[in-house]
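A short reminder: the numbers here are calculations on the coordinates, not readings from a lab. Being a predicted model, the structure only gives us computed values, none of them experimental. With ideal geometry, Cβ positions are generated from the backbone for all residues, glycine too; neighbour counts draw on all protein chains shown.
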Amino acid sequence: MKKVNICIAGGGSTYTPGILIGLIKKKESFPVKRIILYDNNERRLERMGQYSQILLKDYYPEAELIYTTDITKAFKNIDFVFCQIRTGGFKMRELDEKIPLRNNVIGQETCGPGGFAYGLRSIRDMIDLVKAIRKDSPAAWILNYTNPAAIVALALDQAFPDDKRILNICDQPISLLMAYARLLGDIDYKDMIPYYFGLNHFGWFTKIIDKRNGEDITPKIKQLIFKNGFAPADKEQRDPSWLVTYGAVKQMLKLDPTYLPNTYLQYYLLPKETIEHLDPSYTRANEVMDGRDKRVYEQCERVIQHQTTKIDDFVTKELTKKDAHGEMIVEIAEAIFHDQERYYVVMVKNKGIIPNLPEEAIIEVLCTLGANGATPLDVGPVSTYYKGLIEQQYAYERLTCEAYFEGSYLKALQALTLNRTVVDMALAKKILDELIVANRDYWPEMK
């Protein structure tokens with residue numbers, strides 16, 4: 001069987017170990033010859049690179065792992081690029097969250113003004129990244145996790161309209177399926193066929209089918225959420241704010257039990273209630289820096305010191321648990337490589353899938369994935385309520401991209417005004433002006 005070459009762009013991320021674990025689990029069915037970790041943060045990459053080399057020495061010695069900050073070396077003869085970059089790092093994420101909160105508006109990584117700011121930063125680097133990849137590996141599949149995925153996907157479609165090997169994905173639908181499986185207790189999430197529609201971080205499951213017997217298990221899931229509440233599948237390892245995030249699903253279902261909502265909808269549908277749980281002085285960025293980021297890099301240091309990952313049961317636990325981020329991207333690559341036509345919720349151009357929404361919108365729906373990429377399943381028209389919500393959110397996303405490409409202050413202001421977490425134009429202007437100052441090293445000049 002042919003062995004593939006993979007580059008992880010954003011290789012210094014704390015999510016890299018999970019991707020490597022995913023590759024280790026799949027080494028028989030999806031063999032890898034070489035893995036390159038690429039990052040522009042030399043300090044983080046050095047530690048993650050050393051850790052990763054030791055991990056593969058212990059569990060996947062037949063695969064070569066190298067790491068580099070040189071973009072001219074990163075993408076030569078690559079079959080798959082896994083993108084998970086974070087322009088500006090946690091320092092800018094913290095500002096994304098705290099500037100809106102200072103103005104009594106939702107401060108969140110991918111939603112509201114924070115997602116707007118992050119999106120304008122991500123677009124430039126993702127476009128540059130795709131150009132570099134296509135220079136050295138014109139046929140490589142680019143599997144993109146980079147957030148905010150909705151804005152990034154729309155911008156990449158505008159910048160590379162003819163590139164059919166860019167696939168924008170998000171692990172949150174898989175994370176939700178894992179949580180439903182834990183709630184039910186008698187099913188693996190891989191036995192679920194999830195019918196879903198919307199935009200990234202702005203969508204709903206209409207039904208979930210147990211493919212073992214064809215049963216629609218959505219009513220059972222709703223009943224269990226009403227009875228027991230809702231929590232992540234890995235709630236014991238999650239930071240506290242994630243427990244609040246998942247807990248909001250029960251409240252949203254009580255108000256509207258039509259469909260199972262994505263957790264991120266709380267920021268748009270329950271903004272007043274949600275903002276009460278946010279601390280303007282200690283946001284999720286701080287939580288991640290003090291929690292996950294610290295834990296993962298401390299583990300890297302221990303492994304580097306001992307020159308083995310077998311110093312405790314860390315890797316053993318990682319090999320046996322389900323990790324949405326790592327498993328999804330590896331399994332999608334495997335599905336494409338072997339032309340397996342597996343079901344996944346991913347982002348695609350609408351083109352009539354939802355006929356009463358704009359043709360050019362990048363929507364998130366159930367697809368089968370094989371050698372030709374994503375083949376979406378038709379959704380059909382959506383009702384007035386969902387159509388209205390999606391069109392408003394899509395208009396915000398589109399104006400954000402136009403503000404970037406045109407350097408338009410007015411379109412940036414219009415975008416923020418349309419966002420459901422803001423809606424007030426004077427407030428949008430105040431927040432926008434603060435974000436421009438904070439992002440002067442990253443955004444195009446706004447005129």
Between Asn213 and Glu46, what is 0.36 nm times their sequence separation minus the Cα-Cα distance? Round to one decimal in nm.
55.3 nm
Need one word for the chain: rounded, prolate or oblate. Basis is the Cα gyration tensor (sqrt eigenvalues a ≥ b ≥ c); a/c below 1.5 gives rounded, then a/b vs b/c decides.
rounded
GNM on the chain, C-alpha springs below 10 Å: top fluctuator among Val130, Val105, Val382?
Val382
If R₀ is 56 angstrom, what is the calculated FRET efficiency for the pair Glu28 and Lys222, using the beta carbon separation as r and rounding to 0.05?
0.90
So for R0 = 45 Å, FRET eff. of Lys135-Arg102 from the Cβ-Cβ r, to 0.05, ends up at 0.60
Output the relative contact order of the chain, whole-number percent, from Cα pairs under 8 angstrom with separation of 6+ residues.
18 percent
Given Lys73/Lys211; Lys98/Lys411; Lys135/Lys351; Lys25/Lys164; Lys33/Lys98; Lys26/Lys227, which pairs have Cα atoms separated by over 32 Å?
Lys73/Lys211; Lys33/Lys98; Lys26/Lys227
Based on DSSP H runs of at least 4 residues, each adding -39500 (n - 2.57), what is the mean residue ellipticity at 222 nm of the chain after dividing by all its residues, to the nearest 500 deg cm²/dmol?
-15500 deg cm²/dmol
Can you tell me the dipole magnitude for the range 325-418 around its Cα centre, using point charges on the Cβ only (Lys, Arg +1; Asp, Glu -1), in Debye to the nearest 20?
320 debye
Taking the dipole of the chain about the Cα centre (Lys, Arg +1; Asp, Glu -1; charges at Cβ), the one of Ala333, Leu176, Val249 that reaches farthest to the positive side is Ala333
Does the range 42-168 come out rounded, prolate or oblate, given a ≥ b ≥ c as the square roots of the eigenvalues of its C-alpha gyration tensor, rounded meaning a/c under 1.5 and, failing that, prolate meaning a/b above b/c?
oblate
Given the Cα-Cα distance of Glu360 and Thr72 and 0.36 nm per residue of separation, how much length would full extension add, in nm?
100.4 nm
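Please label the shape of the range 241-341 as rounded, prolate or oblate, based on the square roots a ≥ b ≥ c of the eigenvalues of the alpha-carbon gyration tensor (a/c under 1.5 means rounded; beyond that, a/b larger than b/c means prolate, else oblate). Walk me through the numbers before you get to the answer.
On the way: a/c = 3.03, a/b = 1.39, b/c = 2.19.
Note, shape of the range 241-341 comes out oblate.
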Hypothetical label at Lys430: residues of the range 88-104 whose amide nitrogen lies under 14 Å (7 Å Cα-Cβ projection)
99-104
If I stretch the segment between Arg292 and Asp339 completely, what's the gain in nm (0.36 nm per residue apart, minus their alpha carbon distance), one decimal?
13.4 nm
How big is the dipole moment of the chain about its Cα centre under a simple scheme where the beta carbon of each Lys and Arg is +1, that of each Asp and Glu is -1, and everything else is neutral? Debye, nearest 20, please.
180 debye
Report, ordered by chain and residue number, the aspartates and glutamates lying within cross-link reach of Lys3, taken as a straight Cα distance under 18 Å and ignoring same-chain residues fewer than 8 apart.
Glu28, Glu62, Glu64, Asp79, Glu331, Glu334, Asp339
